[in-house]
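Visitor: The structure is given below, and queries will be raised subsequently.
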Amino acid sequence: MSSMETVDTAGPQRKVEVIEGATVRFAGDSGDGMQVMGAQFSTSSVIHGNDIATLPDFPAEIRAPAGTLAGVSGFQINFSSQEIYTPGDGIDTLFAMNPAALKVNLADLYEGGLLVVNSEAFTDDGLEKAGYKTNPLEDGSLNNYRVVSIPLTRLNRDAVEGLGLDRKAADRCKNFYTLGLAYWIYNRPIEPTVKWIEKKFAGKSDLMEANLRTFRAGWNYGETAELFTSAYHVEKADIQPGVYRKITGNSALVLGVAAASKLSGKDLFYASYPITPASDILHEVSALKNHGMMTFQAEDEIAAICAALGAAFGGSLAVTGTSGPGLALKMEAIGLGIMTELPVIIINVQRGGPSTGLPTKTEQADLLQAWGGRNGESPLAIVAPATPSDCFTMALEACRIALKFMTPVIILSDGYLANGAEPWRIPEVDDLPAIDAPFCTKPNAEDGFNPYTRDERLARPWAVPGTPGLQHRIGGLEKQHITGNVSYDPKNHDFMVKLRQDKIDGIANDIPPLKVFGDESGDLLVLGWGGTYGSITTAVERARKAGKKVSQAHLRYLNPFPKNLGEVLSRFKKVLIPELNLGQLRTLIRAKYLIDAKGLNKVQGRPFQVAEVLEAIDKALED
Amino acid sequence: MALAPQDSKLTVKDYGSSQDVRWCPGCGDYSILAQMKKALANMQLPKENVVFISGIGCSSRFPYYMDTYGMHSIHGRAPAFATGLKTVRPDLHVFVITGDGDALSIGGNHLIHAIRRNVNITILLFNNRIYGLTKGQYSPTSECGKKTKSTPFGSVDNPLHPLLVALGSEAGFVARSVDVHTKHLAETLEAAARHQGTSFVEIYQNCNIFNDGAWEWATDRKIKSDNLIELEHGQPLRFGSNNDKGLRVNSNLELEVVTIGENGVSESDLLVHNSQRKDPALAYMLANMHHPEFPEPVGIFRQVQRPIYDDDVREQVRKAREARPGGDLKSLLHAGETWTVSASN
């Protein structure tokens, strides 16, 4: 938190320090409303005009035992008057609702940082559950921080007194007391949250009133309690004019495929089986029925992809969404999509693996699964968004490629992108790409219809059932070139395998070239893909400011690669590939371009910290 | 579902594709193929509105031999493909072709869920009680003790009964026929195709290579009348070569075989078949009669109307559009909380 200037305001204790930005984390029991607080603080911050990046972090259990380390849920938000790309390495202010939350999160709080705790949660029982032998509020272990200890439970109960709530309902409001205090500290506008509470508790006037009262009481506490030497002000960021909304990666994927449906004139059919962290996509699409979007909650992952392919055969824009283990289950059917050459989009929100792994944590370890996890030679297109809002763009791209090339396309998102939020400038509808996906409606041969003829892109015609005269059969058995009849001819199989590969390779002619940020050549290229964009970008910017000859390129198209990738790689002495896996992109890059790329690899279920990437850059330059 | 006749009448032959049929000579599938074409011609269904979706196995080659739309999908999953297709394309008439291994082993999950949803499709299960395409392993409908390549000492698994699975999933239309009973089969297929909602037909089909004679008791002219009982709605349940046997419900609420004229039994004592009973218990009892203890029923066990999944899905969309019209792309992108950053900021 870099202090820029101090402004004296009217009140004696109301000193406001202007800062560039800050990182705040709310931490407490899962189920205590930490995610709601984080989401509210984020919304208020973007409406205030800051750039933001968020990192929700919650356990896989819905309600782990209260007060335990396993049950701690957190939400981190970085907000700034400057453009930012990550939720921040460390935190400036920590709100810890109980001893367990303090224990889990304290290591990330910068020295001298502000620590706000609920003193009433630091009971013998609470301390024991968190594994504290002595009370950290009293034993001096927090001397390096600015500790503000407040009797939150009592203050909240006082605030809602007289509304007739029972104690349990009253205590459930206390996250809004804390939020009100956080808004005072960082000078956030309260109106968006007031409106949210009014809408959320519409029809439950006692709860609405209680939450509003405690929220305002928390704000007033900051103003009057003289516990804080100053409040902070973060100026609006200088951002491009336009209409904005806050968006998470999952929401952006929903809008992307829905927009593709409208732009292509093809009904959206979204088939999915609930799985963390992809379920929100199903929830959000199912709320879009007034836009004509259809959803199918299938009996399992396999049924979801199969139903999607059935809908694709029928002429819909078919999408299925899942996470790693679900992708594994879908693979045979995706192979059928490759063989039948039907357009289908498979969203994979990657999480920690293998097997059930870390369901709520992020990872990038499904690249090789997506690339080659099927039987036979079975190429398909793979795209990977770089940021939450880029999920919109890449979902549109995935749909465009699928429809244009008649192929399955996998979108590799991840848990970090899925739940992370940022401001998104809503594009003008006229600026969105046209998606032209005509059906074949007339016979294409003298003797009728040949389903495996090819256009100049090697795509086959999409003739949907119900079209007179174009009856044909597709399926998983190898098909004869042009006629589409079953064929066991060895030479035809060889030809068709190569043709399917050529078709996917040809997509490279239809995607943008890879851009280099920084100098076009130099000592080191940091090559990334997917959700690590923010950390890598920040690290490379800092390294360049320090005079290092480092450039960055970020792959959003992973199969095929952009045509100029080999040439870009050749202009740098060294290549560093940071990935949240053990080197999957690196394996592909080394195999294809025969270069000695180095990796920065971490599999902790968390995004890269900027410092980690910076360190790897320094090391790569030294070696 | 378009049932409208076309200008020029379609013949049985018109429904066949140009592909050579490659089932083993003598396979029961030939007869089913022929009766399917006959049923379609009888209904004059436009070829372009018909889709056959199959899984994997001998029976699943079926779509290639029809001049309709078709998809030879993956093992066990045909009901899921059909669900997706039918949900987005109510105008199509969708058939699922499957076998005992395809539907009840690898695809059991999809079968029960398609049926319980009541997707408006027709599922035809060719039951030959053996894995044919993989050259003769026992299947989930093989009788206990079955000796096959994979069970040289006899199988020890209890078999599944397809109709009990369908009824347990609350199928609205449940029927059974036999490959060589051509007239009965064609009529059953047509009735199934005309039903609104999931219709499920089990077809006893002979695999003359790996399980020849599995249904001999149901096909041999000399004995079949004593082993089969033909279900007809509103008719007493009579059977036998002399048509003197029948079924009645005894005081233990069990079905029992009785002979008319013996022990004072007359036709009025016999159970009268009612395929339209809402309660599936009787259909279940009938489906639970197994050779040789009982005659096995053929015909329509159950035929009732239930809410149709694909209709209801589209109805929700229609209502949502009616309630909130004008859902264009701009309104979609701008939904929720937005704010404007102006150039002077």
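The values are calculated or read from the model by the stated rules, or taken from the named source; none is laboratory data. The model shown is predicted, which means the values in this text are computed figures rather than measured ones. Note: ideal-geometry Cβ built from the backbone for every residue, glycine included; neighbour counts use all protein chains shown.
Visitor: Given the residues B:S155, B:S105, B:S139, which is the only one that is within 14 Å of B:C207 (Cβ to Cβ), in the same structural domain as B:R306 (by TED's automatic domain parsing) and at pLDDT 95 or above?
Guide: Numbers: B:S155 fails: within 14 Å of B:C207 (Cβ to Cβ); B:S105 fails: within 14 Å of B:C207 (Cβ to Cβ).
Checking each option against the conditions leaves just B:S139.
Visitor: I'd like to know if the stretch A:430-439 contains one or more residues that are over 23 Å from A:R245 (Cβ atoms), assigned to a loop (DSSP other than H, G, I, E, B) and within 14 Å of chain B (Cβ to nearest Cβ). Full working, then the answer.
Guide: Quick first cut of the stretch A:430-439, residues over 23 Å from A:R245 (Cβ atoms) only: A:434, A:436-439.
Now restrict to residues that are assigned to a loop (DSSP other than H, G, I, E, B): A:434, A:436-439.
Filter once more, keeping what is within 14 Å of chain B (Cβ to nearest Cβ): A:434, A:439.
Scanning the stretch A:430-439, I find at least one residue that is over 23 Å from A:R245 (Cβ atoms), assigned to a loop (DSSP other than H, G, I, E, B) and within 14 Å of chain B (Cβ to nearest Cβ), so the answer is yes.
Visitor: Still on this structure, please answer the following. Is there a residue being without any contact (Cβ under 8 Å) to a residue 24 or more places away in the chain and not in a loop (DSSP other than H, G, I, E, B) anywhere in the stretch A:476-487?
Guide: The answer is yes; a qualifying residue exists.
Conditions (1) under 22 Å from the mean Cα position of the chain (by Cα); (2) part of a loop (DSSP other than H, G, I, E, B); (3) in contact (Cβ under 8 Å) with a residue 60 or more places away in the chain, marked per residue:
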| position | (1), (2), (3) |
| --- | --- |
| B:C207 | yes, yes, yes |
| B:F210 | no, yes, yes |
| B:D226 | no, no, yes |
| B:E230 | yes, no, yes |
| B:H233 | yes, yes, yes |
| B:N243 | no, yes, no |
| B:N252 | no, yes, no |
| B:N263 | no, yes, no |
| B:H290 | yes, yes, yes |
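Visitor: Next up: Return the residues of the stretch A:342-389 that are small (G, A, S) and part of a strand (DSSP E or B); say none if nothing qualifies.
Guide: Step one: list which residues in the stretch A:342-389 are small (G, A, S), which gives A:352-353, A:355, A:357, A:365, A:370, A:372-373, A:376, A:378, A:381, A:384, A:386, A:389.
Listed by number, the residues that qualify are A:G352, A:A381.
Visitor: Still on this structure, please answer the following. Which of the residues belonging to the stretch B:292-333 are in a loop (DSSP other than H, G, I, E, B), free of Cβ contacts under 8 Å to residues at least 24 places away in the same chain and exposed (fewer than 14 other Cβ atoms within 10 Å of the Cβ)? Explain how you work it out, then say what you get.
Guide: Taking the stretch B:292-333 first, the residues in a loop (DSSP other than H, G, I, E, B) are B:292-295, B:304-308, B:324-328.
Within this subset, residues satisfying the condition of being free of Cβ contacts under 8 Å to residues at least 24 places away in the same chain are B:293, B:324-328.
Hits for the stretch B:292-333 are B:E293, B:R324, B:P325, B:G326, B:D328.
Visitor: Residues to consider are A:L255, A:L227, A:L212; find the one that is over 28 Å from A:V148 (Cα atoms) and aliphatic (A, V, I, L, M).
Guide: Exactly one residue qualifies, and that residue is A:L255.
Visitor: Taking only pairs six or more apart or across chains, which ones have beta-carbon atoms under 8 Å, a first residue in the stretch A:150-172 that is in the same structural domain as A:A217 (by TED's automatic domain parsing) and within 27 Å of A:E226 (Cα to Cα), and a second residue that is surrounded by 14 or more Cβ atoms within 10 Å (Cβ to Cβ) and among the β-branched types (V, I, T)?
Guide: Matching pairs, first to second residue: A:I150/A:V116; A:I150/A:V117; A:L152/A:T178; A:N156/A:T214; A:A159/A:T214; A:V160/A:T214; A:A170/A:V160; A:D171/A:T153.
Residue-by-condition table, conditions (1) under 21 Å from A:I305 (Cβ atoms); (2) part of a helix (DSSP H, G or I); (3) at the interface with another protein chain (Cβ under 8 Å from one of its Cβ atoms); (4) under 17 Å from the mean Cα position of the chain (by Cα):
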residue	(1), (2), (3), (4)
B:I74	yes, no, yes, no
B:A80	yes, yes, yes, yes
B:P90	no, no, no, no
B:T98	yes, no, no, yes
B:S105	yes, yes, no, yes
B:H113	yes, yes, yes, yes
B:R116	yes, yes, no, yes
B:F126	no, no, no, yes
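Visitor: With respect to A:Q501, is the statement that it is touching a residue at least 40 places away in the same chain (Cβ under 8 Å) and touching a Pro at 6+ places or on another chain (Cβ under 9 Å) true? Show your work before the answer.
Guide: Values: touching a residue at least 40 places away in the same chain (Cβ under 8 Å): yes; touching a Pro at 6+ places or on another chain (Cβ under 9 Å): yes.
Here the answer is yes, as A:Q501 does meet what is asked.
Visitor: Something else: Pull out all pairs, ordered by first then second residue, where Cβ-Cβ is under 6 Å, the residues are six or more apart or on different chains, the first lies in the stretch A:300-312 and is at the interface with chain B (Cβ under 7 Å from one of its Cβ atoms) and within 15 Å of A:G476 (Cα to Cα), and the second is buried (at least 24 other Cβ atoms within 10 Å of the Cβ) and among the charged types (D, E, K, R).
Guide: Hits for this filter: A:C306/B:R77.
Visitor: Let me ask another. Can you list the strands (runs of 3 or more DSSP E) lying wholly within the stretch A:253-329 that have 1 or more residues being surrounded by fewer than 23 Cβ atoms within 10 Å (Cβ to Cβ)? Talk me through it step by step, then tell me what you get.
Guide: On the way: elements: A:268-272, A:294-297, A:317-322.
Because the criterion is at least 1 residues that are surrounded by fewer than 23 Cβ atoms within 10 Å (Cβ to Cβ), the strands (runs of 3 or more DSSP E) in the stretch A:253-329 that meet it are A:294-297.
Residues checked against (1) away from chain B (no Cβ under 14 Å); (2) touching a helix residue (DSSP H, G or I) at 6+ places or on another chain (Cβ under 8 Å); (3) within 30 Å of A:Y533 (Cβ to Cβ); (4) in a helix (DSSP H, G or I):
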residue: A:P189; (1), (2), (3), (4): no, yes, yes, no
residue: A:P192; (1), (2), (3), (4): no, yes, yes, yes
residue: A:G218; (1), (2), (3), (4): yes, yes, no, yes
residue: A:K236; (1), (2), (3), (4): no, yes, yes, no
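Visitor: May I ask you to verify whether A:P427 is closer than 30 Å to A:S44 by Cα, in contact (Cβ under 8 Å) with a residue 40 or more places away in the chain and of a type outside the set (G, A, S)?
Guide: Working: closer than 30 Å to A:S44 by Cα: yes; in contact (Cβ under 8 Å) with a residue 40 or more places away in the chain: no; of a type outside the set (G, A, S): yes.
Spelling it out, it is not the case that A:P427 is closer than 30 Å to A:S44 by Cα, in contact (Cβ under 8 Å) with a residue 40 or more places away in the chain and of a type outside the set (G, A, S).
Visitor: Among the residues of the stretch A:69-91, are any surrounded by fewer than 24 Cβ atoms within 10 Å (Cβ to Cβ), among the polar types (S, T, N, Q), farther than 30 Å from B:S342 by Cα and touching a helix residue (DSSP H, G or I) at 6+ places or on another chain (Cβ under 9 Å)?
Guide: no
Visitor: Further question: Could you list, in sequence order, all residues of the stretch A:358-399 that are buried (at least 24 other Cβ atoms within 10 Å of the Cβ), farther than 28 Å from A:L263 by Cα and among the hydrophobic types (A, V, I, L, M, F, W, C)?
Guide: Result: A:L367, single match.
Visitor: Further, regarding this structure: Does A:S316 fit the bill of being among the polar types (S, T, N, Q) and within 14 Å of chain B (Cβ to nearest Cβ)?
Guide: Details: among the polar types (S, T, N, Q): yes; within 14 Å of chain B (Cβ to nearest Cβ): yes.
So A:S316 fits the description; yes.
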